[in-house]
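> Please see the structure below; I have some questions.
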Amino acid sequence: MSIPGPQNEIETLFSIGLSQHQAGNLQAAEECYRRVIAVNPLHPDALHFLGLLHYQCGQQDHALKLMDMSLSLSPDVPAYHSNRGNVLKQLNRLEEAAAAYRAAIRLQPGNAMAFSNLGNTLSALGQHDAALAAYETAVEISPGHADAHINRSLLLLDLGRLAEAEDAIVTALRLQPDNAVAHTNHALILMARKRPQEAVEACDTALRLRPDLAEAHSNRGNALFDLNRPDQALTAYEDALRLQPGFADAHRNRARVLKAQGRTADALAAYDALLEVSPEDVQTHCNRGAALAELGRPDEALTAFATALSLQPDCAEAYSNRGFTLMDLGRVPEAVRAYRAATALRPEMAEARFNLSMALLLLGDFKAGWAEYDWRWTSRGWSGGAPRHQDLPAWTGDAAQGRTLLAWAEQGLGDTLQFARYVPVLTAQGWQVVLEVQPALLPLLSALNGPDVQVIATDTARPAADVQCPLLSLPGRLGTVEASIPAPLSLPVPPPADRTSPRPEAGDPPVRRIGIVWQGNPRHHNDRNRSVPLSRFLPLARLPGVSLVSLQKGFGAEQLQDIPDDIRIEDTGADYETGGFTETASLLRGLDLVITVDTAMAHLAGTLGVPVWVLLPAMPDWRWLTDRDDSPWYPSMRLLRQPAPGDWDSVFLRLGQSLTAAGG
């Protein structure tokens with residue numbers, strides 16, 4: 001192509017370049033623009049549109065230089081300022097971008113596109129009111145400006161103004177019913193409005209219009225997950241990632257679903273894939289660390305949390321997760337410091353404060369621990385359900401003054417047995433007490449009934465009361481420290497049934513009947529660490545003078561069918577299986593010793609004063625404290641702890657040695 005000489009031929013060449021540009025023939029357009037500039041280096045339009053071409057090719061710095069040159073030659077062209085704003089926004093120079101759009105608006109007050117782009121920039125700057133005003137001006141100037149309605153709807157969604165957001169996106173869809181992006185954004189709003197089925201339908205519409213729209217696949221996955229269709233959700237995320245492998249939200253949400261399914265190793269791989277795309281995503285480093293901790297890789301988990309904190313030193317969640325992992329490692333004082341860092345950054349972070357309470361209680365710092373323990377009710381890690389009896393005022397520790405207090409069971413059977421000891425303390429202070437307990441404990445704890453106490457089951461009508469307090473909040477309200485822990489309840493128990501024990505041979509030591517419990521409820525959050533197989537106890541059955549008695553009910557009792565023929569473990573039978581806690585208490589009275597993992601049986605034996613040895617994991621529940629083999633809660637109890645996580649071998653070796661030393 002030869003270079004025209006006269007001015008009109010230069011303009012013709014520029015027009016050809018512009019036509020090629022509009023047709024998407026960027027290489028031909030660039031050649032035309034450059035030929036124009038070769039003849040006239042100060043041709044503002046050629047400079048500007050060559051800059052626009054570079055912008056479209058992702059060469060933002062070069063684009064900005066060319067646009068600045070064109071503006072120096074023709075400062076009064078609104079489009080020059082508006083396009084320059086687009087480049088600056090792409091470079092994340094948002095304040096400068098907003099100034100460029102405002103310059104375009106000053107030159108052309110009716111420029112709806114400039115107002116819409118200004119709204120986008122102000123929204124990114126967090127100037128929400130100003131952004132909304134810009135969008136509203138854009139749609140006043142041009143009611144058919146669909147992009148302005150769409151962007152306004154997204155900002156309203158972010159602000160939680162959901163009804164207005166939906167009105168805006170519906171307006172956009174009326175203007176452009178075939179706009180797949182608008183349908184996809186509509187799905188986001190429908191999700192926020194708790195209408196996931198409609199969100200799926202909106203995504204399906206978007207995908208009929210544009211099957212390659214990754215955002216629609218991803219949003220569809222979110223809606224399907226909310227509809228409890230996780231496998232279909234995963235398929236939707238995988239479709240999104242096939243179309244756009246670097247789609248961070250799809251990676252993130254896929255990991256969320258995998259984690260919710262308990263597929264922690266797969267979730268970890270998804271977090272790793274997300275970090276390939278977004279290596280500085282702080283939340284992903286936190287989530288990855290939590291997954292590593294759950295997979296038993298605590299040192300790697302701590303490294304992940306450290307990375308998160310290096311990227312965001314004020315990340316409360318990273319400190320909280322670090323505390324949880326340190327607890328698993330038995331580094332409790334360090335965990336306390338991590339939890340305190342988290343709560344200093346976010347005082348309302350319930351999970352960190354609840355976990356802090358348990359760490360403090362484990363260390364024996366009862367005063368500080370009880371003060372934080374009420375945060376359990378709003379913690380994500382709390383599995384005890386919602387508080388009950390909230391129609392009554394909460395008791396805060398004030399004097400009785402002739403009133404009635406409802407003390408109610410909130411956690412497991414063992415917790416109720418442990419903390420029912422506070423009923424006599426309350427009556428001694430002048431309270432009338434209504435004690436609400438699980439039905440299974442009602443026959444046993446009905447012994448507390450009297451002039452000042454009424455014991456009821458949770459499934460019965462509630463007598464009148466003035467205030468209420470959950471059982472495990474009583475120690476805090478009463479200011480309990482280790483030295484002031486009340487004695488266990490004194491409960492009348494029927495005498496044990498006459499049971500025949502094996503007759504010892506002449507010269508053998510007397511037979512000691514030892515009750516054993518090896519399995520807790522598998523639904524307990526820590527059961528995998530606290531329970532053991534029955535096979536662990538079998539060597540004890542061969543010790544001289546030892547007769548083992550199964551106290552196992554329900555879960556785990558089936559293991560009795562698999563013991564070797566030469567091992568005898570007394571099975572208490574169907575009557576014990578169906579009997580309540582009173583029958584169990586009677587049976588315990590006839591035993592010489594109870595050996596149990598951390599279950600309600602430990603509390604029942606301790607309450608009755610029966611000698612009981614409790615086998616504890618390396619990181620026990622807070623009530624067992626640390627570094628001691630006795631319990632301030634139960635004088636008849638001995639604690640045998642794992643020296644390291646998972647080391648039951650050492651525990652049972654010590655157990656066998658202790659039984660042998662005691663004479664079998």
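> So which of Ala308, Ala291, Ala338, Ala342 ends up being outside any loop (DSSP other than H, G, I, E, B), at pLDDT 95 or above and under 20 Å from Ala265 (Cβ atoms)?
Residue meeting the stated conditions: Ala291.
> Among Leu426, Leu441, Leu417, which is the only one that is more than 30 Å from Ala352 (Cα to Cα), assigned by TED's automatic domain parsing to the domain that holds Val467 and in contact with a helix residue (DSSP H, G or I) (Cβ under 6 Å, 6 or more places away or on another chain)?
So the residue among Leu426, Leu441, Leu417 that is more than 30 Å from Ala352 (Cα to Cα), assigned by TED's automatic domain parsing to the domain that holds Val467 and in contact with a helix residue (DSSP H, G or I) (Cβ under 6 Å, 6 or more places away or on another chain) is Leu441.
> Which residue, of Thr626, Thr584, Thr660, Thr607, is in a loop (DSSP other than H, G, I, E, B) and either crowded, with 19+ Cβ neighbours inside 10 Å or of a type in the set (Ser, Thr, Tyr) (or both)?
Thr626
> Among the residues of the stretch 104-118, is any under 20 Å from Gly17 (Cβ atoms) and hydroxyl-bearing (Ser, Thr, Tyr)?
no
> Quick check on my filter: what residues within the stretch 269-315 are surrounded by 15 or more Cβ atoms within 10 Å (Cβ to Cβ), of a type in the set (D, E, K, R) and farther than 22 Å from Met619 by Cα?
Asp281, Arg288
> Tally the residues that are out of contact with any helix residue (DSSP H, G or I) (no Cβ under 8 Å at 6 or more places or on another chain), assigned to a loop (DSSP other than H, G, I, E, B) and either among the charged types (D, E, K, R) or assigned by TED's automatic domain parsing to the domain that holds Trp622 (or both), restricting the search to the stretch 345-383.
Qualifying residue count for the region: 2.
> Then there's this: Would you pick out the residues in the stretch 531-567 that are in a loop (DSSP other than H, G, I, E, B) and more than 34 Å from the chain's Cα centre (by Cα)?
Arg542, Leu543, Pro544, Gly545, Leu551, Ile563, Pro564, Asp565, Asp566, Ile567
> Among (1) free of Cβ contacts under 8 Å to residues at least 60 places away in the same chain; (2) farther than 23 Å from Phe324 by Cβ; (3) under 29 Å from the mean Cα position of the chain (by Cα), where does Ala644 come up short?
Only one criterion in (1) free of Cβ contacts under 8 Å to residues at least 60 places away in the same chain; (2) farther than 23 Å from Phe324 by Cβ; (3) under 29 Å from the mean Cα position of the chain (by Cα) is unmet by Ala644, namely (2).
> Next up: So for the stretch 43-64 (the condition being over 27 Å from Ala97 (Cβ atoms), small (Gly, Ala, Ser) and modelled with pLDDT of 85 or more), does at least one residue qualify?
There is no residue in the stretch 43-64 that is over 27 Å from Ala97 (Cβ atoms), small (Gly, Ala, Ser) and modelled with pLDDT of 85 or more.
> In the stretch 351-365, which residue that is crowded, with 20+ Cβ neighbours inside 10 Å and among the aliphatic types (A, V, I, L, M) is nearest to the chain's Cα centre (by Cα)?
Among them, the one singled out is Ala352.
> Collect the residues in the stretch 311-320 that are within 21 Å of Arg353 (Cα to Cα) and assigned to a helix (DSSP H, G or I), keeping them in residue-number order.
Ala316, Glu317, Ala318, Tyr319, Ser320
> Which condition number in (1) touching a Phe, Trp or Tyr at 6+ places or on another chain (Cβ under 7 Å); (2) within 30 Å of Ile485 (Cβ to Cβ) is the one that Asn287 fails?
So the condition that Asn287 fails would be (2).
> How many residues are of a type in the set (A, V, I, L, M, F, W, C), in contact with a strand residue (DSSP E or B) (Cβ under 6 Å, 6 or more places away or on another chain) and outside any helix (DSSP H, G or I) if we restrict to the stretch 448-492?
6
> Filter the stretch 243-288 for residues that are closer than 26 Å to Leu326 by Cα and assigned to a loop (DSSP other than H, G, I, E, B) and give the result.
Listed by number, the residues that qualify are Gln261, Gly262, Arg263, Pro279, Glu280, Asp281.
> Would you point out which residue out of Pro617, Pro635 is in the same structural domain as Arg536 (by TED's automatic domain parsing) and touching a helix residue (DSSP H, G or I) at 6+ places or on another chain (Cβ under 6 Å)?
Pro617
> Give the residues of the stretch 91-111 that are buried (at least 19 other Cβ atoms within 10 Å of the Cβ) and part of a helix (DSSP H, G or I), sorted by residue number.
Leu94, Ala97, Ala98, Ala100, Tyr101, Ala103, Ala104, Ile105
> Evaluate the following for Trp622: is it of a type in the set (Phe, Trp, Tyr), within 22 Å of Pro522 (Cβ to Cβ) and touching a residue at least 60 places away in the same chain (Cβ under 8 Å)?
Taking the combined requirement at face value, the residue satisfies it.
> When you look at Ser116, is it assigned to a helix (DSSP H, G or I), buried (at least 21 other Cβ atoms within 10 Å of the Cβ) and within 43 Å of the chain's Cα centre (by Cα), yes or no?
So Ser116 fits the description; yes.
> Within the stretch 56-78, which residues are closer than 13 Å to Leu42 by Cβ and assigned to a loop (DSSP other than H, G, I, E, B)?
Result: Ser74, single match.
> What residue, among those in the stretch 198-228 that are under 26 Å from the mean Cα position of the chain (by Cα) and either among the aromatic types (Phe, Trp, Tyr) or part of a loop (DSSP other than H, G, I, E, B) (or both), is surrounded by the fewest Cβ atoms within 10 Å (Cβ to Cβ)?
Among them, the one singled out is Asn228.
> Let me ask something else about it. Considering each of Pro510, Pro539 in turn, give the residue that is surrounded by fewer than 22 Cβ atoms within 10 Å (Cβ to Cβ) and modelled with pLDDT of 90 or more.
Sole residue among the options that is surrounded by fewer than 22 Cβ atoms within 10 Å (Cβ to Cβ) and modelled with pLDDT of 90 or more: Pro539.
> If you go through the stretch 423-447 one residue at a time, how many are part of a helix (DSSP H, G or I) and either surrounded by fewer than 23 Cβ atoms within 10 Å (Cβ to Cβ) or β-branched (Val, Ile, Thr) (or both)?
The number of residues fulfilling the criteria is 12.
The values are calculated or read from the model by the stated rules, or taken from the named source; none is laboratory data. Source: prediction; values computed, not measured. Here Cβ is always computed from backbone atoms with ideal geometry, including for glycine, and neighbour counts include all displayed protein chains.
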